[in-house]
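The values are calculated or read from the model by the stated rules, or taken from the named source; none is laboratory data. Please read all numbers here as calculations on a predicted model, not as lab measurements. Here the Cβ positions follow ideal geometry from the backbone for every residue, glycine too, while neighbour counts run over all protein chains shown. Accessible surface areas use protein heavy atoms only, side chains included; no ligands, DNA or RNA. Shrake-Rupley method; radii C 1.70, N 1.55, O 1.52, S 1.80 Å.
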Amino acid sequence: MRRREFLTRSIAGAGSALLGARQLPAQQATPAPGAEQSSGSSNLFDMNQGAAKRVVRPPKTSGVRSALTDDERDALERQLHCQCGCTLDVYVCRTTDFSCQVSPAMHRDVIALVEGGYSAQEIIDAFVDSYGEVALMAPTREGFNWAGYLVPFAALAAGTAALVTVLRRMQQRAARVASTAPATGAGAPSLGTTDELSRLEAAVRRDD
Amino acid sequence: VILIGELALWVALLMAAWTGVTSCAGGALGREDLVTSGRRGLYATTAMVVLASLGLWTALLTHDFSLKYVASNTSANMPKVYVFAAFWGGQAGSLLFWTLILALFSAGAIWSARTKARELAPWACGTLAMILVFFIAVVCFKANPYDRLSFVPADGRGMNPQLQNPGMAIHPPNLYLGYVATSIPFAFAIAALVTRRLDAEWLSIVRRWSLLSWFFLTIGITLGMWWAYVELGWSGYWAWDPVENASLLPWLTGTAFLHSIMIQEKRGMLRKWNVTLVVTTFLLAIFGTFITRSGIIESVHSFAQSPVGTWFATFFLLATGVTIYFVSTRLKDLEAKAGLESMVSREAAFLYNNLVFVGIAFSVLWGTLFPILSEWVRGSKITVGPPFFNTVNVPLGLLLLALTGIGPLIAWRKASTSNLRRQFAVPAGAGLTVGVVLLALGMRDSYALVAYTLAGFVAATIAQEFQKGISARRSIHGEALPVATVRLIARNRRRYGGYIVHAGIVVLFAAFAGLAFKRDHDVQMRAGDTKELVDPLGHRWRFVSQGISTSETLNRYVTAVGLEVWRDGVRQGIISSEKRQYLDSNKNPLFEPSTEVGIRSSAKMDLYIVLAGVREDTAELRISFNPLVIWVWIGGMIMAVGGLIVMWPQAERRRAPSGYVATLEPARRELAATT
């Protein structure tokens, strides 16, 4: 089979798989309808091929040269989230998944904006204007988003404080038990006998 | 067989409900006849679930396309191995598979505990039966693999091509084994809380099953990373996808538990904390399943959105409520039996380690759920991707790596200054040497530098521990080095198996840090074109395109590009990358084209070639140099081997009880003798 024919059949097949389930229930020779997996996608999710929106800005000045190198442009695209439904950034998606039509469209918009003389931040802002903050791979560090970044560390700090408090209490209780044990004759609740304590010591030494 | 299987599913539901009621009633009333009936009911439930599973496997292997599940997930021309694996390839089948493992594990756990933990067994059996009731009910009412189509199609639609991979055939079963095994410690925790018997039997059973869960989760996660790397074609193995996170959460809390249970065994401390970790691990496994199957969070792996999400949410809330009730009403029974003697002790170090494990679990959970929270608070959607998770979790991961080395060096109960100096001098020196050498060699990535410094430190602590033990054996017994090494591990499998797990962690972190030096290149090549690239280690690579070819095999059309590869002037062979179009038996295309990556692995670096697409006569390729990736798989394997050594049953039999468990041993024997 020639490559062109192969690609044509691929596209036609994808289309028929997308539509076939509902349109051809009576044709028993066709693949089974009612499938529960994502329709027609080789991915494990429902790919939204129509998710791309145009992000267009007029060129800043006519004939302006690109201010970003290819590497800088790729780095910028790594900050943009492909909207096809995958969790990849635009750069990774467009360079690895030929079936996605969204990341190439977003890439074309990025190129146009770079050619139009826009800076990386201006391009990111333009995408956020069009798609919302969902266009970014990570939340911006402002407003409520700070909670996303800080809460884990705050929780860890709180956990550390709580742990130190608990450890101190446990330490104080152990000290109290140790100081009262000889006077009252009552040992530690479960390690009371000399025999048991010596067994514990031996076990600790053995496993130390 | 298929009809019997379908019927068996409904019988299993009734049997599980009977088991739940009679076991709990038997436990509460002290009626041995009810307890026995409940136990036998569990075995019968298991037999019914096995029958139901055999029925589905029969339907799959005989291509019975009258079943919607079979028609949706297989086709007549699929390789048999993937037809077999299709059992867990879709929503309904995977839930039946989960139920099958749960039933088998439950029967095994209750059978082995029937004499050793007589008081716990009825309640544990009842709890496991309730969990079984939930899963069987979900399978029967919401995701029934025996649902039929109104007609019989000539062929099925086949399996998603990305699932037609050996890694995917064995990765989900391992994860399911890990998830399901968390049910057993949970059931015994509930039983112990109900009966107020959180003692040696409980510790022994819970530890064994937690280890099993940890072992399978470790293998499942590692295989999942491998599958993502070789199959998805994005040149990475961990994307912080919600489903990946869902598998990591119970692994983190389970690992924390396996550390903290040692303190309870030796000192009788942390009883509340350990119970909390056991039930949290189970609840996180259920919560992860809810995330995976409800579709509430965007993920590349999620099963289609379905009504099972509501069921899982309800079950999760119910299980959480029951757990909170029992823990809160048993707090006095969970008081520690001993105090902490020093803030600088192994007990304290294990607690710091637990804090970091739980902290990472929280941050992963937080990041996974933050898009929902943000949308709820602000009304706008956001994406929380790898940049966020790396920002938050990389520092925590490095802290954990440091504690991996620090913990084992500190003495139990109280560490003296001289002890600390003696234990830390060599490892700290080794770690610093690694850091300085790498700095001198030009490494400037701060996280990678810290990671390798800490890896050097932890590796030295492990080597030091082995060296001490081996030297002692050689001087006492006069053994040769290999014999002393083997016997050292064999005689104290828990300790040295644990060190081997730590060695796996070191290897993993070193491999993770290698990605800081990853390089990607986009190239377009026609037949005969040559491209020269330089890898992160300075090697010069030359790629010569052999052109684009197409072919047809069993169930797919293949478009491939071959590159002749040279490194520093030495020919490395030909590497090809493919786009595959899968077909049904009528040669109609199924799904969109998928990618087969060309990978050449070495100890230092992977060459990773992806055919992104073909335009006219030009292949669009992404060529990546991924340093140290092979060590991720090796690290995972080392961890699994260490885990296997730790949980090997013979070690339990040989090893005399020690620590806090030893103090309970005479009472346990006395109890066993009287019952």
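Solvent-accessible surface of the protein assembly as shown, averaged per residue with a 1.4 angstrom probe and all protein chains in place: 40 square angstrom. Treating each Cα of the stretch B:515-562 as one equal point scatterer and applying the Debye formula with no solvent, the log10 of I(q)/I(0) at q = 0.15, 0.31 Å⁻¹ comes out as -0.58, -1.13. Each listed q (0.11 Å⁻¹) maps to a log10 I(q)/I(0) for the stretch B:589-652, found by the Debye formula over equal Cα scatterers with no solvent: -0.49.
When its C-alpha radius of gyration is set against 2.2 N^0.38 Å (N residues), the stretch B:95-171 gives a value of 1.57.
If only the Cβ of Lys and Arg carry +1 and only the Cβ of Asp and Glu carry -1, the dipole of the stretch B:454-593 around its Cα centre is close to 880 debye.
For the stretch B:257-398, what does the equivalent ellipsoid look like in terms of its semi-axes, each the square root of 5 times an eigenvalue of the Cα gyration tensor, given largest first in whole Å?
Calculated on Cα positions only, the semi-axes equal 33, 21, 12 Å.
Given their separation in residues at 0.36 nm each and the Cα-Cα distance between them, A:ARG173 and A:ARG141 gain 7.1 nm when the chain is fully extended. When only alpha carbons of the stretch B:1-48 are considered, Rg and Dmax amount to 12.1, 40 Å.
In the protein assembly as shown, a dipole from Cβ-located charges (positive for Lys and Arg, negative for Asp and Glu) runs towards its positive end, and of B:GLY268, B:MET159, B:LEU252 it is B:GLY268 whose Cα lies farthest in that direction.
On the principal axes of its alpha-carbon atoms, the stretch B:430-541 has extents of 67, 33, 22 Å, going from largest to smallest. Size descriptor for the stretch B:496-616, Kirkwood hydrodynamic radius: 16.9 Å (Cα pairs only, one decimal).
Ranking of B:TRP566, B:TRP88 by solvent-accessible surface, largest first: B:TRP566, B:TRP88 (1.4 Å probe, protein heavy atoms only, all chains present). By the Stokes-Einstein formula, at 1.306 mPa s and 10 °C, the stretch A:56-141 with its Kirkwood radius over alpha-carbon pairs has D equal to 123 µm²/s.
Note on A:ARG57 and B:LYS468: their simple-model spin labels are 6.2 nm apart, each label 7 Å out from Cα toward Cβ. Rolling a 1.4 Å probe over the protein heavy atoms of the stretch B:171-216, with every protein chain left in place, gives an accessible area that is 61 percent carbon and sulfur. Across the stretch B:195-252, the fraction of Cα-Cα pairs farther apart than 18 Å, rounded to a whole number, is 49%.
Along the stretch B:86-101 the Karplus relation, 6.51 cos²θ - 1.76 cosθ + 1.60 evaluated at θ = phi - 60°, assigns HN-Hα couplings of 4, 3, 10, x, x, 4, 5, x, 5, 5, 5, 4, 4, 4, 4, 5 Hz to successive residues, with x for each Gly and Pro. Within the stretch B:469-532, the proportion of C-alpha pairs whose separation exceeds 19 Å stands at 61%. Here is the size of the protein assembly as shown from its Cα atoms: Rg then Dmax, 29.2, 96 Å.
Every Cα-Cα pair in the stretch B:14-127 was counted, and those over 17 Å apart are 57% of them.
For chain B, dividing the convex hull volume of the Cα atoms by the residue count gives 185 Å³ per residue.
Quick one: Kirkwood hydrodynamic radius for the stretch B:146-285, alpha-carbon pairs, angstrom, one decimal?
Working: mean 1/r = 0.0593 Å⁻¹.
Over the stretch B:146-285, the inverse of the mean reciprocal pair distance is 16.9 Å.
Length gain on complete extension for the stretch B:LEU54 to B:ALA425, per 0.36 nm per residue less the alpha carbon to alpha carbon distance?
Roughly 127.6 nm would be gained on extension.
With every protein chain in place and a 1.4 angstrom probe, the accessible-area ranking of B:TYR43, B:TYR237, largest first, reads B:TYR43, B:TYR237. Taking N as the residue count of the stretch B:203-296, its C-alpha radius of gyration divided by 2.2 N^0.38 Å amounts to 1.24.
The dipole here belongs to the stretch B:528-613: it is taken about the Cα centre, uses +1 on the Cβ of Lys and Arg and -1 on the Cβ of Asp and Glu, and is about 180 debye. Using the Cβ-Cβ distance between B:ARG571 and B:SER551 with R0 set to 25 Å, the FRET efficiency works out to roughly 0.55.
For the cross-link pairs B:LYS272/B:LYS332; B:LYS80/B:LYS587; B:LYS272/B:LYS414; B:LYS68/B:LYS142, the ones whose C-alpha atoms lie over 20 Å apart are B:LYS272/B:LYS414. Using the beta-carbon distance between B:ALA480 and B:LEU644 and R0 = 25 Å, what value does 1/(1 + (r/R0)^6) give for FRET efficiency, to the nearest 0.05? Between B:ALA480 and B:LEU644 the formula returns 0.50.
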